[in-house]
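Inspection log for the structure reproduced underneath, given as structure tokens.
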Amino acid sequence: MGQVIGKQSVLFENPPYLIEGASIVGQKEGEGPLGKCFDVVEQDPMLGMETWEEAESLLQKEAIQKVLLKSNMTKDDIRYIFAGDLLGQLIATTFGILEFEIPFFGLYGACSTIGEALSIAAITVEGGNADNVIAVASSHFASAERQFRFPLAYGNQRPYAATWTVTGCGAVVVGKQKGFAKITGITTGKIVDYGVKDAQNMGACMAPAAAEVIYQHFKDFNSTPGDYDKIITGDLGIVGKTILFDLLMEKGYDISKVHMDCGIEMFDAGTQDTHAGGSGCGCAATVLTGYIFKQLKKKAFKKILFIPTGALMSPVSFNEGNSVPGIAHCVMIEV
């Protein structure tokens with residue numbers, strides 16, 4: 001059974017395996033620096049559907065089908081699905097996984113959802129409550145813009161601190177049978193609110209939460225940045241990355257030499273006009289299941305700390321003038 005250590009962490013005595021992953025992205029993501037790493041690049045942002053939300057649901061369906069195929073499994077081999085998205089009441093997930101008829105836990109951690117899903121998946125498998133589970137997270141640029149910002153036809157200008165919501169879905173099979181890597185520990189984050197109200201500046205909203213949970217992870221596991229090949233945040237972007245470095249330096253930790261941010265890696269800042277980088281549930285999920293898994297499989301990375309980050313807001317909270325709290329979760333992965 002997992003061993004509770006420190007204030008917020010679990011060390012797994014029988015670490016569950018990462019058996020396989022699948023990544024489906026949109027055209028813009030496929031044109032970015034990591035384009036060749038993804039399993040499928042959809043050229044039609046609507047995916048042949050009538051609405052953006054239906055398109056996002058199809059991303060989830062395709063990602064689950066792909067990860068089952070790559071794992072040589074069927075839906076009957078999966079005990080639970082842990083999944084979420086950015087839309088109200090998880091409607092992309094609801095309709096995306098409906099036909100699989102697999103027991104389902106709906107999760108909302110904003111852009112940190114894949115970290116939350118992997119954490120609960122690992123606890124479930126290691127605790128003997130399932131042999132195989134799937135963790136899933138998705139987002140779609142247009143469905144997120146419609147819900148949180150402005151209709152696409154409005155053509156509003158985006159500030160340079162803004163990030164671009166990734167169109168994509170990542171799915172991971174976590175199980176008992178041997179895979180290419182293990183989830184050896186987790187550190188669950190707390191909600192952190194520095195009072196930032198600029199919902200366009202996601203990096204500033206999320207960086208304090210990332211700094212807090214990374215610091216707590218180091219304390220709980222008695223580790224240092226040098227113990228990891230990479231420390232990978234979800235989607236802080238260029239602005240949030242700088243804030244994260246400053247906050248951790250104040251606590252005595254310099255992660256700059258091993259840090260990587262999925263949002264920065266997803267797009268080419270010089271040619272793709274995405275300003276601060278990528279964001280959305282699908283950002284960290286697809287970079288993980290696309291690029292990062294490939295590095296783990298060829299042992300270019302042997303031990304990483306994966307920290308998806310999320311901004312906890314809704315259209316209602318934003319319109320009522322509330323701040324945007326952040327959340328982040330650490331998942332320790334080893335080959």
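Straight-distance candidates among the aspartates and glutamates for linking to Lys182, with alpha-carbon spacing under 17 Å and chain neighbours fewer than 8 residues away dropped: Glu13, Glu20, Glu116, Glu126, Asp131, Asp227, Asp229, Glu334.
Residues considered: Ser143, Ser112, Ser317. Largest GNM mean-square fluctuation over the chain, using C-alpha springs under 10 Å, is found at Ser317. Relative contact order of the range 181-334, taken over Cα pairs closer than 8 Å and 6 or more residues apart, is 39 percent. Taking 25 Å as the limit for the C-alpha separation, the pairs Lys36/Lys66; Lys66/Lys230; Lys7/Lys257 exceed it in the case of Lys66/Lys230; Lys7/Lys257. Return the FRET efficiency for the residue pair Asn129, Asp273: r is the Cβ-Cβ distance, R0 is 51 Å, and the value is rounded to the nearest 0.05. The pair Asn129/Asp273 has a calculated efficiency of 0.65. Of all beta bridges that DSSP places with both ends in the chain, some 65 percent have antiparallel geometry. Each label was represented as a point 7 Å from its Cα along the Cα-to-Cβ direction; for Asp254 and Leu11 these points are 2.8 nm apart. Converting the Cα gyration tensor eigenvalues of the chain into ellipsoid dimensions via √(5λ) gives semi-axes, longest first, of 26, 25, 18 Å.
Using a Gaussian network for the chain with springs between C-alpha atoms less than 10 Å apart, which of these wobbles most: Ala142, Ala121, Ala300? In this elastic network of the chain, the residue with the biggest mean-square fluctuation among Ala142, Ala121, Ala300 is Ala300. Given R0 = 35 Å, the distance between the Cβ atoms of Gln3 and Glu99 translates into a calculated FRET efficiency of 0.35.
PRE reach from Thr51 (point 7 Å along Cα→Cβ): which of the range 91-113 fall under 18 Å by backbone N? In the range 91-113, the label zone of Thr51 (backbone N under 18 Å from the point 7 Å along Cα→Cβ) covers 91-99. The label point for Gln43 and the one for Ser314, both projected 7 Å from the Cα toward the Cβ, are 4.0 nm apart.
Values in this text are rule-based calculations from the coordinates and carry no lab data. Because the structure is predicted, anything quoted here is derived from the model rather than measured. Neighbour counts run over all protein chains shown; Cβ positions are idealised from the backbone, glycine included.
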